[in-house]
Amino acid sequence: MAIRLYILGDFNLRLDFSMEPGYENMDNVYHIFERLQKDPGAFSWYVIPAYQSLTISYPWNQSLPEVLKIVHNAINRQTAATFPSRRFVIPVCYGGDLGPDLAFVADFHHLLPDEVIRLHSRADYRVEAIGFSPGFPYLSGLPLELVTARKETPRVRVPAGSVAIGGQQSGIYPVSSPGGWHLIGRTPLILFDPVSTFPIPYRQGDWLHFTPISPAEYQELLAHPLALEVWEKRA
């Protein structure tokens with residue numbers, strides 16, 4: 001496992017895994033993330049996993065040599081990772097006003113809109129990172145037939161719940177924000193709740209699966225908004 005380590009100012013480190021290209025780096029990131037989560041010496045650290053990096057913020061009362069020793073022990077430990085692998089099902093109403101770019105994606109790949117929906121909803125997606133906006137999941141697993149470069153001109157406002165394609169990834173906009181990905185549908189679920197104990201229901205390493213719903217079902221769910229956990233229990 002080839003890892004480069006960078007010191008980012010005071011009390012911050014970054015482990016860079018990009019010397020080994022590919023989404024499989026996320027497994028290596030999570031091996032070390034889980035080991036640090038369980039290490040008493042790293043109890044007060046803020047550790048942020050991403051596709052090919054792990055960023056660490058540690059407190060002022062820990063020395064850099066002490067921190068580096070803990071990090072190197074985590075890298076060299078050969079125990080198996082136990083990172084989470086929960087699976088969530090996300091209802092999506094595809095196309096129409098809720099997915100204004102579905103037709104473009106279909107035309108770009110010489111497919112029918114229904115074929116795009118079928119391909120997108122039959123795949124399983126892993127949450128590789130969360131960022132950009134609160135709760136936005138960067139998802140690997142997009143079928144190659146749907147890989148579509150991001151829009152040249154981003155939208156000023158993307159509605160909350162929009163399900164999108166950007167390059168080799170899929171994603172969901174949990175809150176309204178600007179965005180440059182292609183919008184192919186929308187979920188009525190609440191995916192970011194700032195007053196909840198756990199504002200974001202999924203985390204890195206979890207799996208998401210999209211299931212198509214009709215416009216009528218979307219409106220029914222929208223009238224009585226559900227958090228993802230509630231939807232899962234009801235389903």
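The values are calculated or read from the model by the stated rules, or taken from the named source; none is laboratory data. Note that the structure is predicted; figures quoted are calculated from it, not measured. Here Cβ is always computed from backbone atoms with ideal geometry, including for glycine, and neighbour counts include all displayed protein chains.
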I'd like the full set of residues that are in a strand (DSSP E or B), under 16 Å from the mean Cα position of the chain (by Cα) and hydroxyl-bearing (Ser, Thr, Tyr), limited to segment 45-67. 53
How many of the residues making up segment 197-228 are more than 21 Å from residue 170 (Cα to Cα), among the charged types (D, E, K, R) and surrounded by 13 or more Cβ atoms within 10 Å (Cβ to Cβ)? 1
Does residue 194 fit the bill of being part of a loop (DSSP other than H, G, I, E, B), surrounded by fewer than 16 Cβ atoms within 10 Å (Cβ to Cβ) and either outside the structural domain of residue 124 (by TED's automatic domain parsing) or not aliphatic (A, V, I, L, M) (or both)? yes
Here are some residues: 44, 63. Which one is exposed (fewer than 12 other Cβ atoms within 10 Å of the Cβ) and farther than 22 Å from residue 130 by Cα? 63
So, in segment 85-110, exactly how many residues are free of Cβ contacts under 8 Å to residues at least 12 places away in the same chain and farther than 15 Å from residue 161 by Cα? 4
Looking at residue 127, is it at pLDDT below 95 and either among the charged types (D, E, K, R) or crowded, with 17+ Cβ neighbours inside 10 Å (or both)? yes
Please find, among 137, 113, 143, the residue that is under 18 Å from the mean Cα position of the chain (by Cα) and over 22 Å from residue 190 (Cα atoms). 143
In segment 197-235, the residues that are β-branched (Val, Ile, Thr), in a loop (DSSP other than H, G, I, E, B) and modelled with pLDDT of 95 or more: 213
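Condition check ((1) in contact with a His (Cβ under 6 Å, 6 or more places away or on another chain); (2) part of a strand (DSSP E or B); (3) of a type in the set (Asp, Glu); (4) without any contact (Cβ under 8 Å) to a residue 60 or more places away in the chain) across all residues:
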site: 129; (1), (2), (3), (4): no, yes, no, no
site: 156; (1), (2), (3), (4): no, yes, no, yes
site: 160; (1), (2), (3), (4): no, no, no, yes
site: 163; (1), (2), (3), (4): no, yes, no, no
site: 170; (1), (2), (3), (4): no, yes, no, yes
